[in-house]
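Read the figures in this text as sums done on the coordinates, not as results from a lab. Please read all numbers here as calculations on a predicted model, not as lab measurements. All Cβ positions, glycine included, derive from the backbone under ideal geometry; neighbour counts span all protein chains shown.
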Amino acid sequence: MRAAVVTLSLTLAACGLAQARPLPPDAPFATIDEAVEFLATAEVVEREELPMGINRPDRMRLRAGEVEARAVFRTVYDHRDVGTWGFVDSYLSELAAFELARLLGYDAIPPTVLRRAGKRGSLQLWIEGAMTEAERLEKGIEPPPEQAEHFHRQRQMADLFDQLIANTDRHMGNFLVTPDWTLWLVDHTRSFDGRRELRDPDTVQRVERRVWERLLTVSDQEIRQRVKPYVKGTHVASLLERRRRVVALVKERIAAEGEDAVVFAAP
């Protein structure tokens, strides 16, 4: 296998869920589990601080045999019991976001692992060849007509997921758009605080069918087990309440508009 810096679209086949993002022909990972294993075990051969954000993450180049990929390493850890819901800015939230998304069949979060590189932190696959949504808007680049509806649906799914995880720091710089108009969501450190209500329920408009089915059927215990290594106990209870509120809101929209207007199939 030739050395490669990966432009990655990943599958959730390892979870027993339908594949929504086929791998590019030259991707060195056949499954998401392979990508996770690579991130957890590959040798770090380069490391640089990125001049981005408040917390200045590091970008690393990793190598395992002939396979190379880049990843972003975050170590920020700030949990404070302030205000009504507390304040969270933590690398652990990156891991919680990935694990919860995977549990729900939502494949827009790049693979993320817990890793020690001097300090403990989250190591997330770097999405190569992408522009930020801020760059796209600044340059006036629009998706082609055949991709426009799919791109809009990806944005709507991002809105729903942000309500679920109580993300307080979504901005146009942490939406990544690849040349095939796949949308990736990064930087979830300011998520999973203690709020029980949805921050902006009006943004919950539509939902992908397989995610909707998982939101309806995944048990509280399954969610609790998946995120409890990364989210404090009282904040897990808040997440479960937000899940109930998202489900109730989608059901209301279905009753008012019809299921076909609210629930859509993955392409």
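Considering all projection directions equally, how large on average is the shadow of the alpha-carbon convex hull of segment 103-248, in square nanometres? For segment 103-248, the mean projected area of the Cα convex hull comes to 9.6 nm².
In the frame of its principal axes, the chain has Cα extents of 54, 47, 39 Å, reported largest first. Legend: ranking of residues V211, V82 from fewest to most surrounding C-beta atoms inside 10 Å; resulting order V82, V211. Counting only DSSP H runs of at least 4 residues, each contributing -39500 (n - 2.57), and dividing by the residue count of the chain, the helix-based mean residue ellipticity at 222 nm comes to -11500 deg cm²/dmol. Modelled label positions at D200 and H152, each set 7 Å beyond Cα in the direction of Cβ, lie 1.8 nm from each other.
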